[in-house]
Structures are given as C-alpha cells and as structure tokens.
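One structure below.
Throughout, read-outs are computed from the coordinates displayed, never taken from laboratory work. None of these values were measured; they are calculated from a predicted model. Glycine gets a Cβ as well: all are built from the backbone with ideal geometry, and neighbour counts include every protein chain shown.
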Amino acid sequence: MENIGTIQLQTNRLTLRLLTIRDAYQMFNHWGADSKVTKFLSWKPYQTVQDVENNLSEYQKNYIDPDYFLWGIEEKSTQQLIGTISASIANKASKTAEVGYCIGQHWWNKGYTSESLEKVIAYLFEKNGFERIEGLYDTKNPASGKVMQKAGMSYEGTFHQRLVNNRGVVDESCYAILKRDYTSKKAEQQISRFLNQSAISYELLRHKAVSTVKEIDFELPATQVKNLFLKGKKSFYFIILPEGQRAPLKKIAHEVEENHLSFASDNEMSQILHSTQGAVSPLGLLFDTKQQVQLMMDSQIDPRENIGFHPNQNDKTFIFSFSDFLFFLSQINHTPKYIDI
C-alpha cells in the first residue's frame, strides 16, 4: 500500500495543515486542557503548555513517515487552530484506516468536524492506498457518530465493553465507508453535473434502494430495463435488455465474436464505471474515458417510451426521453449497437 502522508488540505471554511511547536498555546487553550473535550477520548487533558510542546515535537518528527496522518484544523476566517483530525493504519493487509478527531467547545455544532472528515476521507481514498475507512466512538457520545454519518460513513455495529477511555471501559460503535461506495457516491454528483452542463433533460425519481428490477414495487414512469456489465477476452460489454428478457450470454458472445462472456468483477465495475453491484448503469459510461466498454442495446426496447437508469446510486432513478438518453451517449462517445436477443 503506497501512501504519501500528511499534506495541507483545504475546505470551504477550513485549512487542514501540519502542526508546529508554535501551535502549543492554541492547542492548550482551545481544547487540549479541557476535560469536557477529552471526556470520551483516551488521553488525559494537558496540565501545562510544556506538555503540549513535547508532544508537538514528536508529531513533527513523524511527518516524514508516509503512513502518518495528523492535521491541525484551522478556521480560515480567524486563522485560529480549533482542533485536530488524524488517521492511522488499522490493518495494512486490508488497507484500512481508522480516523479520529477532536475540536474545541467553542466550535462545536458548526459542521466543522464533518467538513474536515469529509475532506480527509477524499484524500485517503483518492491520493493514498486505502480501501476502507472506519471510525470508532463511545456510544455515550452520539455526536461523534453523527459527524461520521454526515461525512458519508455508515453504521456497522456496536461492540460491548470494547473501548477504554477517560470514562473507563465502555461500549463503542463503528461507522465505515469503502472506497467503492465513496467512488459511486461521488460519481452520482459528477453524472448530475455533466447532465446539467450538457443541458440534457431528465426527471429525478427518489425511491427506496433497489438492487434488481424485481424489487421495484413502485410506479416507474419509464420502460423497465436491466443492465449487464460483462467481459470477454477482447473487451468489456454493457448490455441493456427489456425487463423480462433473459440474458443469453452465448448469443451475446457470438454477436461480439467472443468465445465466452462472464460478469465483470466488483473491482472492474468500480474502476471502469465507478459503480457497485445493484446500481450498475449506462450513465457510468461517462467514466469510461479509455473506451474499454462496448455498449449494446436490445432492439426490442421501444424508443417512443421514456427510459430510466440509476445515477450509480440505487435509491434514485433518472428518467430520460429516449432521444435525450441517446444524446447523452453521443456526448460521451458511446453510441449503442442494436442487437436482437
């Protein structure tokens, strides 16, 4: 796993930067000596500024390590240091990072911590080698869980009598996010932005999460189709079929002059389409900039009807006129080949 360590990051309201010895007074006064801030943490409040300086001196030595991640959180409007956020390698084999954060009382309930965490998650996934990010917190501190949820992480469970902190031995809960889910969520935003910038009309339909056509128990104002992402020795293939149509892989393989076709892996789906199982969509072809995927559509699909696809998230469907969908495909250089299946 290749990492690049701590570098300066920017959000709308904050600068996440490396800490220095000069930060000792702010760190001591803004949060480090506050027992209310450290109540749910594993380290005791600092007693002197000198104690803070000693720790900061060690932090600075660690910044040369590409696996070391620790930022001071600085408010841009005041240039005050208001807290810290960190990440550590929890499991190198699974490429898992564990995040932690601390912020002074004066800056609570302003959204600063989740803003910082969202930026750190993006950095760890996009610029470093992590595949999973998790966070653990005392169950009596639900505000910490809300920070993780707001930053896109999902609740995974609670471990009883697992954590030791300044309250003693306590229960801890876990939130986490996988890189493939982060990528898929970001892809949804990029798809929406591309459609709007290209002036392509669509209707957004929000609904419960559905992974297959069979799970749809609500009215969909469009032709229902199913999407297959396949691979052979020569290429990848995206197939759009009517809802009730079986997927004869042998016939499709013959059409594309392949001896055998199989379903693409989760990793290939994430890398090429920025999608996940249950949310695969031709809208993800926006990210196939290397033109690795051939698009094929069953000729039985009625071009007079609207057609709908997930925007790489299966709790939403974008409804297009057929002509608008074709225009989208032309804009990303993925003209479909029509086949009789």
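Before moving on, here are some points about what is shown:
- Residue 75 versus residue 250: modelled label distance in nm, points set 7 Å from Cα along the beta carbon direction: 7.0 nm
- Among [x] 131; [y] 160; [z] 143, the entry derived from the coordinates for volume of the Cα convex hull per residue in Å³: [y]
- Zone of residue 64's modelled label, taken as backbone nitrogen in segment 4-26 under 18 Å from a point 7 Å along Cα→Cβ: 4-7, 18-21
- Above-threshold pairs, the threshold being 32 Å between Cα atoms, out of 36/127; 76/185; 36/185; 76/146: 36/127; 36/185
- Near the amide H of residue 264, within less than 5 Å, lie the amide hydrogens of 229, 230, 231, all on another chain or at least 5 residues away, with H placed in the peptide plane.
- Cα-centre dipole for the chain with unit charges at Cβ (Lys and Arg positive, Asp and Glu negative), debye to 20: 280 debye
- Residue-span extension gain [residue 331 to residue 146] - 0.36 nm each, minus C-alpha spacing: 62.7 nm
- Whole-Hz Karplus values for segment 13-20 come out as 10, 10, 10, 9, 9, 5, 7, 10 Hz, taken residue by residue from phi with 6.51 cos²θ - 1.76 cosθ + 1.60 and θ = phi - 60°; glycine and proline positions read x.
- Largest GNM mean-square fluctuation among 261, 285, 124, using the chain with Cα springs under 10 Å: 261.
- Segment 9-179 shape via C-alpha gyration tensor axes, a/c threshold 1.5: rounded
- In this simple spin-label model, placing a label point 7 Å from the Cα along the Cα-to-Cβ direction at both residue 49 and residue 88 gives a separation of 2.8 nm.
- Helix 112-126 and the longest principal axis of the C-alpha atoms of the chain enclose an angle of approximately 60°.
- Length gained on full extension, residue 291 to residue 194: 33.1 nm, using 0.36 nm per residue less the C-alpha separation.
- Cα-projected label distance for residue 277 with residue 186, points at 7 Å along beta-carbon direction, nm: 2.3 nm
- Label-zone membership for segment 83-105, site residue 25, 7 angstrom Cα→C-beta point, backbone N under 20 Å: 83-84, 104-105
- Anchor residue 92: aspartates and glutamates whose Cα lies under 19 Å away (excluding residues fewer than 8 positions away in-chain): 2, 65, 67, 126, 131, 134
- Placing a label point 7 Å from the Cα of residue 216 along the Cα-to-Cβ line, the residues of segment 183-203 whose backbone N sits under 20 Å from it are 188, 192, 201-203.
- Residue-wise HN-Hα couplings along segment 90-107, as the Karplus relation 6.51 cos²θ - 1.76 cosθ + 1.60 with θ = phi - 60° gives them from phi, are 8, 7, 5, 5, 8, 6, 9, 10, 10, 9, x, 7, 7, 9, x, 4, 4, 10 Hz; Gly and Pro carry x.
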